[in-house]
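Rule-based calculations on the coordinates, nothing more; no lab input. Please read all numbers here as calculations on a predicted model, not as lab measurements. In this analysis, Cβ positions are derived from the backbone assuming ideal geometry, glycine residues included, and neighbour counts consider all displayed protein chains.
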Amino acid sequence: MKVRKNIAISENGFIFNPLTGDSFSVNETGVFILQKLKEEESEATILQNLMDEYELDAHTAEKDLNDFLSMLQNYQLTTNE
Amino acid sequence: MNKRKITVAATGLNNIDSPGPGIPVIRGLKESETLDIRIVGLSYETLEPGIYMHDLVDKVYQLPLPTAGSAVLKERLRYIASQEKIDVLIPNFDAELHNFIKIQDDLKNELNIATFLPSQAIFDERQKSELGKFGEKYGVKVPESHMINQVTEIRKLEESLHYPMVIKGRYYDAYIALTYEQASNYFYKIIAKWGYPVIVQEFVTGTEVNVTAIGDGKGTCIGAVAMRKLYITDKGKAWSGISLEDDELLDISKRVIENSKWRGGCELEFIKTKDDEYYLLEMNPRFPAWVYLANGCGQNHPEALVKMALGEEVKPFTNYQSGKMFIRYSYDLIVDISEFQQISTMGER
């Protein structure tokens with residue numbers, strides 16, 4: 001999964017999709033995941049990074065990551081290319 | 001740099017909650033980097049706010065209502081031209097364009113006033129009632145549309161169109177009808193205000209996206225900026241919007257402008273469906289009231305139109321900034337009654 005071309009993500013978690021004109025706010029964890037996606041990290045790597053950064057167990061981290069990724073997809077912020 | 005001085009006349013000074021494009025067009029012109037433009041405002045009603053905006057409109061003349069016809073309009077413009085040297089005239093209302101198109105050659109030849117309008121044939125092609133043929137000719141998807149003159153025709157259309165359906169006026173107004181009763185009510189409401197025919201259109205679900213564009217009349221799209229409304233008034237007018245970066249939408253818009261050899265400013269209204277398909281709902285034959293956003297994004301369309309009207313070559317804009325927003329606001333002008341009296345009694349100020 002990749003962040004769509006031209007999606008703007010600010011450090012404070014403001015996201016703008018110039019294709020649709022939609023804007024969103026995400027928290028620090030959201031920015032963390034989005035930055036990793038922008039760097040084209042694999043989902044497995046992002047999961048491990050999340051567990052390390054926030055001291056999460058695998059089950060919680062996986063559930064939270066999947067929820068967030070499906071939300072990103074729903075809002076057309078990512079592609080599967 | 002010395003700016004060249006010219007005078008431009010513009011209509012559409014009704015900068016109200018459902019605004020005409022005149023004031024946004026004038027703001028674009030006043031921000032020209034190469035032209036120093038004196039503005040002659042042309043009004044139809046005495047309370048059009050632009051009449052009283054002295055920082056934007058230098059002089060104002062009343063025009064006869066479009067229903068008076070092109071001969072009366074020409075006579076009035078002949079008087080105005082005897083008082084003012086007008087280089088370019090930009091009409092900004094749908095309902096007046098027919099008259100201006102009719103006399104555009106006379107304006108140029110007799111009064112030396114340039115316009116930049118499409119021919120009557122191309123203007124007619126994009127009429128709401130002709131949308132189906134227009135879509136087919138220029139390769140753009142359009143919702144199924146029918147022109148009706150009797151309310152009973154809605155019943156017949158129920159065979160091919162399902163509710164909700166959109167009931168539209170010839171020039172303005174559109175209502176979404178969920179039942180026959182609603183549709184017939186809207187039919188009468190529209191004919192009372194705008195006359196016949198009434199347009200009944202398929203309701204396409206999705207997000208409304210709009211494009212303000214300008215064509216040179218020779219098959220080149222000089223500029224196009226896409227926008228999504230962020231906040232609308234109860235009349236469906238944009239009170240806030242944001243510029244988009246949507247290559248497919250711009251490609252479709254450019255194709256329409258180029259293939260139709262559109263001459264002048266226009267607004268293309270689309271619905272983008274969930275499946276990322278674009279349906280053209282309307283092509284308005286003049287700049288939209290939000291055209292100043294194009295200027296804010298780096299494309300000054302009114303200035304480009306004036307230059308083309310003066311016979312200058314204008315290079316097409318190649319890009320613009322997305323993520324630029326416009327936010328409309330209302331503002332009370334304090335005006336002495338003497339000024340109102342001046343425009344009411346003398347027809348000019």
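What to note about this one:
- Between the beta carbons of B:Ala95 and A:Glu11, assuming R0 = 51 Å, the FRET efficiency works out to 0.50 to the nearest 0.05.
- 20 Å reach of a label modelled at B:Tyr231, 7 Å along Cα-to-Cβ, counting backbone N of the range B:262-292: B:289-292
- Two-site FRET efficiency, B:Asn109 against B:Tyr180, from Cβ-Cβ distance with R₀ of 60 Å, rounded to 0.05: 0.70
- Once the Kirkwood radius over Cα pairs is known for the protein assembly as shown, the Stokes-Einstein relation at 25 °C and 0.890 mPa s delivers a diffusion coefficient of 103 µm²/s.
- Rounded to the nearest 20, the size of the Cβ-charge dipole of the range B:158-270 about its Cα centre is 560 debye, with Lys and Arg at +1 and Asp and Glu at -1.
- Per-bin percent of Cα-Cα distances, the range A:2-79 [5 Å]: 3, 16, 28, 27, 16, 7, 2, 0
- Debye-sum result for the range A:24-69 in log10 I(q)/I(0), which assumes one identical scatterer on each alpha carbon, at q = 0.32 Å⁻¹: -1.37
- Mean separation of Cα contacts under 8 Å, 6 or more apart, over the residue count of chain B: relative contact order %: 18
- Near-label residues of the range B:281-303 by backbone N, under 11 Å of a point 7 Å along Cα→Cβ of B:Ile327: none
- Highest-MSF residue in chain B out of B:Arg255, B:Arg286, B:Arg155 [GNM, Cα springs under 10 Å]: B:Arg155
- Label separation (B:Glu277 vs A:Asn80): 2.2 nm, computed from points 7 Å beyond Cα along the C-beta direction.
- A Stokes-Einstein calculation at 4 °C with viscosity 1.567 mPa s, built on the Kirkwood radius of the range B:1-138 over Cα pairs, returns a diffusion coefficient of 82 µm²/s.
- Considering only alpha-carbon pairs that sit under 8 angstrom and 6 or more positions apart, the relative contact order computed for the range B:1-141 is 22 percent.
- Estimated FRET transfer efficiency when R0 is 41 angstrom, pair B:Val335-B:Glu313 (beta carbons, to 0.05): 0.45
- For the range B:220-341, the convex hull spanned by the alpha carbon atoms encloses 154 Å³ per residue.
- Cα-based Kirkwood hydrodynamic radius, the range B:111-163, one decimal, Å: 13.7
- Relative pair counts by distance (%), Cα atoms of chain B, 10 Å bins: 5, 25, 34, 25, 10, 1, 0
- Quarter the surface of the alpha carbon convex hull of the range B:144-202 and you get the mean projected area, 3.2 square nanometres.
- Averaged over the residues of A:19-30, the number of partner chain Cβ atoms lying within 10 Å of the residue Cβ comes to 4.
- Sum of side-chain charges, B:Leu111 neighbourhood, beta-carbon under 13 Å (Lys, Arg +1; Asp, Glu -1): -1
- Using the Cβ of B:Arg255 as centre and a radius below 13 Å, the other residues enclosed give a net charge of 0, where K and R count +1 and D and E count -1.
- Of A:Glu53, A:Glu43, A:Glu62, the one that fluctuates the most in a GNM where chain A has Cα springs shorter than 10 Å: A:Glu53
- Cross-link pairs exceeding 19 Å in C-alpha to C-alpha distance, out of B:Lys5/B:Lys85; B:Lys137/B:Lys261; B:Lys102/B:Lys254, comprise B:Lys102/B:Lys254.
- Placing +1 on the Cβ of every Lys and Arg and -1 on the Cβ of every Asp and Glu, with no other charges, gives the range A:2-79 a dipole of roughly 520 debye about its Cα centre.
- Above 16 Å, the calculated P(r) of the range B:18-89 contains 52 percent of its Cα-Cα pairs.
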